[in-house]
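Visitor: Handing you this structure, nothing more for now.
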2 protein chains.
Amino acid sequence: MQPELLHFAHRFDAVSGSAIREIFKVIAQPGMISFAGGNPSLAALPDQQVSDLAVKVLAENGKAILQYGATEGYPAFVESLHSYASDMLGGPVPAVLPVTGSTQAMDLLCKAFIDPGDVILVENPSFLGNLQCMKLYQANIIPVESDDEGLLISDLEQKVLEHHPKMLYTIPTFQNPTGRTLSLLRRKEIAALAARYHFIVAEDDPYRDLRYWGESLPTIKSFDQEGWVVFLGSFSKIISPGMRVGFIAGDPTIIRKCTVGKQSTDLHTANLTQAIVDQFLRQNLLPDHIRQICDDYRSKLSAMMGHLESFPAGVRFTRPEGGLFIWVELPEELDALKLLQQAIAGKVAYVPGTHFFVNGGHSNTLRLNFSNSTLEQIDTGMAILRELVAAAL
Amino acid sequence: MQPELLHFAHRFDAVSGSAIREIFKVIAQPGMISFAGGNPSLAALPDQQVSDLAVKVLAENGKAILQYGATEGYPAFVESLHSYASDMLGGPVPAVLPVTGSTQAMDLLCKAFIDPGDVILVENPSFLGNLQCMKLYQANIIPVESDDEGLLISDLEQKVLEHHPKMLYTIPTFQNPTGRTLSLLRRKEIAALAARYHFIVAEDDPYRDLRYWGESLPTIKSFDQEGWVVFLGSFSKIISPGMRVGFIAGDPTIIRKCTVGKQSTDLHTANLTQAIVDQFLRQNLLPDHIRQICDDYRSKLSAMMGHLESFPAGVRFTRPEGGLFIWVELPEELDALKLLQQAIAGKVAYVPGTHFFVNGGHSNTLRLNFSNSTLEQIDTGMAILRELVAAAL
């Protein structure tokens, strides 16, 4: 068969696959220092604990775990998740749905709400994976301006009035890719705008527990009186991304629609991984584990910011209080895509910032991840990057 | 918020949730004998084996299993799956993709190919879950006539010429819900029609290893020279449905499109469950396990067919050589939906056949499952059903 005989659906017309995931393949060479990706440190992945918990849950409830489960979730996990989400969101949560990683949360929300041409407002830059998801639902993606305190409310309201969005997608805490955190005041304002103008807020908050300095901020959802805010939670950064367990929390009518969508998406999330995460919650294993992760990542973030201080004048970068990423703006004449070729030749990798922008451009930007490197790799890799930038100026 | 303020996507206009999964909730009462569902027998679920294998794979490769994986699949599993699928499909398979249960295989195929209004041809009746999936992609679902040897080729060709379908969806072996098996000759003819008229055949074959009598038939895919047939495989019936591991096998261009779709659907299938299924393949544990399952299910199917022989005259039923289901046609004046209320009151459940038909109707039909009941439950439950039917005539 000639491939041109295949007529794929039009939702793929503007989508060719994740640029980041293609970069991952190029940089998966031995000896590469990778500041690309958003992987947890290997030390942060609790393999022995997961093994012990797998044995425990399979001994106690193995037949139910291996049998078909409910789309609504593994019952014990739904119970513990309800309590966990209520603590996180600052009050009783009307409904929760376990999902196959928070990637699926976004897919189900788009499935529930987005017809082709519907408007989704997004931070610009934003998380590439979910931008691709929105494109596959043929959404009209409209960027909203941000500053160091996150989304600019004036621009958001103007775009709402102009475009009548179905949804705002935001990563309020230690945003991907910028590391920025939405201020308390703006969190309140966004919840109020959603209630006034009737649009869904998809609050994607996978990094909130990875805070190394400063005070935790309440979620946008905690200011939501009417149910317009849907919270997307993840255990990828605090237990394991490979287990693919996340959740959606919010209004019961919305959660019900997502549940019906999930029936024919993957029927249910694997019971075994749900049961293991349930044990982390039930045995209250997360606080200690998160403290260890944060101690490790704090020193790495400090080290990387320290190196950036010594970069040539004109290099600007964010100073996040947590999360996994630092956002770097090189002097305008530099091209981070071209620089990446030289960096890879020198065995250092990052993600060029242009991929995260709705309409590309911003070729002088890049994203750095620190969690998945050792302090030694950060020292070596950042020295190489500094020299490359200096030589390019 | 008033729920009517929520504007859900139009793909839900004709979808309200799986009728079967709602029935499941009603019948989840203690003491109920359930011939509904398509659950494996609890005895068939290898909980101890899965526990041992989980410990093994986490000890050997725990960090990689808990880290982000490739959308293309857990590498060891992709390797063993390739060899497994090649054996099953009667020759080298160009590409495979592990998925989160074969439910996701159908979702990704529809995502890859189906624009609203595109035609999918289906057996009638067919598997409810995948009919719902097609509806959520706003496909135009056109039924094709069948007889005891499966799809009628003359009707299929006529519908192809009339409707120019993007896809044919078929369950060729021990079909859900009828238990029918597509004959060898028709398998060849379908592969030839797909090549002539350029439509995708989604060959969904989760029951093929559950054969209790007779000779295994080659897949439609094995007669496919050009790549139009995509094979949907599942480990739900032969290892565990709760683990959610299935696969798609076929043309590399199609698999690539499904992979890009999967990037923003759930990023990847849980590595842990992929790694466990990989061990079943690598250690060649399936043949013995399947033999045990088949011995158990054979006696249950025999028993249920035996009871049906003694039902009142005018009751017809299929005599499958394998799978999980028997299809029953009551005399036309009986209504299986109404009868279900009485059956549930008598603590026996089944699924009314009308739910499986593209346009409803056929209210005198019903589907019986035997795998998830004991022989004693089959004796008791079938005696109750026989009396109900006799009394209704």
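The values are calculated or read from the model by the stated rules, or taken from the named source; none is laboratory data. Owing to the predicted nature of the structure, the values given are computational and were not obtained by experimental measurement. Note that we place each Cβ from the backbone using ideal geometry, even for glycine, and neighbour counts take in every protein chain shown.
Visitor: Do you know which of the residues in region B:108-136 that are in contact with an Asp or Glu (Cβ under 8 Å, 6 or more places away or on another chain) and surrounded by fewer than 24 Cβ atoms within 10 Å (Cβ to Cβ) is farthest from residue A:262 (Cα to Cα)?
Guide: Only one residue fits best here, namely B:124.
Visitor: Same structure, new question: Please pick out the residue among A:72, A:79 that is charged (D, E, K, R) and either assigned to a helix (DSSP H, G or I) or in contact with a Phe, Trp or Tyr (Cβ under 8 Å, 6 or more places away or on another chain) (or both).
Guide: The unique qualifying residue is A:79.
Visitor: Could you check, for region A:23-30, whether at least one of its residues is within 22 Å of residue A:236 (Cα to Cα), out of contact with any His (no Cβ under 8 Å at 6 or more places or on another chain), within 9 Å of chain B (Cβ to nearest Cβ) and part of a helix (DSSP H, G or I)?
Guide: Looking through region A:23-30, at least one residue is within 22 Å of residue A:236 (Cα to Cα), out of contact with any His (no Cβ under 8 Å at 6 or more places or on another chain), within 9 Å of chain B (Cβ to nearest Cβ) and part of a helix (DSSP H, G or I).
Visitor: Something else about it: Which count do you get for residues in region B:225-280 that are more than 7 Å from every other protein chain (Cβ to nearest Cβ), farther than 13 Å from residue B:104 by Cα and of a type in the set (Ser, Thr, Tyr)?
Guide: 0
Visitor: OK, next. Give me the pairs: first residue in region A:36-62 and touching a residue at least 40 places away in the same chain (Cβ under 8 Å) and over 14 Å from residue B:59 (Cβ atoms), second residue aromatic (Phe, Trp, Tyr) and part of a loop (DSSP other than H, G, I, E, B), beta-carbon distance under 6 Å, and six or more apart or on different chains, which are they?
Guide: Listed pairs, sorted by first residue: A:36/A:350; A:39/B:68.
Visitor: Quick one: which of B:242, B:233 is part of a strand (DSSP E or B), assigned by TED's automatic domain parsing to the domain that holds residue B:202 and touching a Phe, Trp or Tyr at 6+ places or on another chain (Cβ under 7 Å)?
Guide: Checking each option against the conditions leaves just B:233.
Visitor: Can I ask one more? Looking at the structure I just gave you, is residue B:52 at pLDDT 95 or above, assigned to a helix (DSSP H, G or I) and either assigned by TED's automatic domain parsing to the domain that holds residue B:218 or surrounded by fewer than 24 Cβ atoms within 10 Å (Cβ to Cβ) (or both)?
Guide: The answer is yes for residue B:52.
Visitor: Follow-up. Do you know which residues across region A:382-393 are surrounded by 15 or more Cβ atoms within 10 Å (Cβ to Cβ) and touching a His at 6+ places or on another chain (Cβ under 9 Å)?
Guide: Passing the criteria: A:382, A:385, A:386.
Visitor: Condition first: at positive phi and either more than 14 Å from every other protein chain (Cβ to nearest Cβ) or at pLDDT below 95 (or both). Can you find one or more residues in region A:324-345 that meet it?
Guide: No, region A:324-345 contains no residue that is at positive phi and either more than 14 Å from every other protein chain (Cβ to nearest Cβ) or at pLDDT below 95 (or both).
Visitor: A follow-up question, please. Could you tell me which of the residues A:273, A:259 is in contact (Cβ under 8 Å) with a residue 40 or more places away in the chain and of a type in the set (S, T, N, Q)?
Guide: A:259
Visitor: Of everything in region A:210-230, what is of a type outside the set (S, T, N, Q), crowded, with 21+ Cβ neighbours inside 10 Å and outside any strand (DSSP E or B)? Give them in sequence order.
Guide: A:210, A:220, A:221, A:224, A:227, A:228
Visitor: Does any residue of region A:35-54 turn out to be among the β-branched types (Val, Ile, Thr) and more than 7 Å from chain B (Cβ to nearest Cβ)?
Guide: No - not one qualifying residue is present in region A:35-54.
Visitor: Another question about this same structure. Could you grab me the full set of residues in region B:32-56 that are touching a Ser or Thr at 6+ places or on another chain (Cβ under 9 Å) and either basic (Lys, Arg) or more than 30 Å from residue B:299 (Cα to Cα) (or both)?
Guide: Scanning region B:32-56 gives B:54, B:55.
Visitor: So, one more: May I ask you to say which residue of B:264, B:240 is of a type in the set (Gly, Ala, Ser), surrounded by 22 or more Cβ atoms within 10 Å (Cβ to Cβ) and at pLDDT below 95?
Guide: Of the residues listed, the single one that is of a type in the set (Gly, Ala, Ser), surrounded by 22 or more Cβ atoms within 10 Å (Cβ to Cβ) and at pLDDT below 95 is B:264.
Visitor: Determine whether region A:99-111 contains at least one residue that is over 27 Å from residue A:366 (Cβ atoms), outside the structural domain of residue A:323 (by TED's automatic domain parsing) and over 18 Å from the mean Cα position of the chain (by Cα).
Guide: yes
Visitor: May I pose another question? So which residues in region A:119-131 are at pLDDT 95 or above and at the interface with chain B (Cβ under 8 Å from one of its Cβ atoms), if there are any at all?
Guide: Answer for region A:119-131, where residues must be at pLDDT 95 or above and at the interface with chain B (Cβ under 8 Å from one of its Cβ atoms): just A:130.
Visitor: Which of the residues belonging to region A:1-20 are surrounded by fewer than 16 Cβ atoms within 10 Å (Cβ to Cβ) and of a type in the set (Gly, Ala, Ser)?
Guide: Correct list: A:14, A:16, A:19.
Visitor: If I ask for residues that are among the polar types (S, T, N, Q) and modelled with pLDDT of 95 or more, which ones from region B:355-393 would you list?
Guide: B:363, B:364, B:365, B:369, B:371, B:373, B:374, B:377, B:380
Visitor: If you don't mind, there's one more thing I want to ask. Examine region A:92-107 for a residue that is surrounded by fewer than 20 Cβ atoms within 10 Å (Cβ to Cβ), of a type outside the set (Ser, Thr, Tyr) and more than 8 Å from every other protein chain (Cβ to nearest Cβ), and state whether such a residue exists.
Guide: yes
Visitor: If you scan region A:21-43, which residues turn out to be crowded, with 21+ Cβ neighbours inside 10 Å and among the hydroxyl-bearing types (Ser, Thr, Tyr)?
Guide: A:34
Visitor: Residue B:253 passes all but one of (1) in contact (Cβ under 8 Å) with a residue 40 or more places away in the chain; (2) surrounded by fewer than 22 Cβ atoms within 10 Å (Cβ to Cβ); which number fails?
Guide: Of (1) in contact (Cβ under 8 Å) with a residue 40 or more places away in the chain; (2) surrounded by fewer than 22 Cβ atoms within 10 Å (Cβ to Cβ), only one is false for residue B:253: (1).
Visitor: Still on this structure, I have one more. Any residue that is more than 14 Å from residue A:229 (Cβ to Cβ) and in contact with a Ser or Thr (Cβ under 7 Å, 6 or more places away or on another chain) - is there at least one of those in region A:160-171?
Guide: No; the residues of region A:160-171 include none that is more than 14 Å from residue A:229 (Cβ to Cβ) and in contact with a Ser or Thr (Cβ under 7 Å, 6 or more places away or on another chain).
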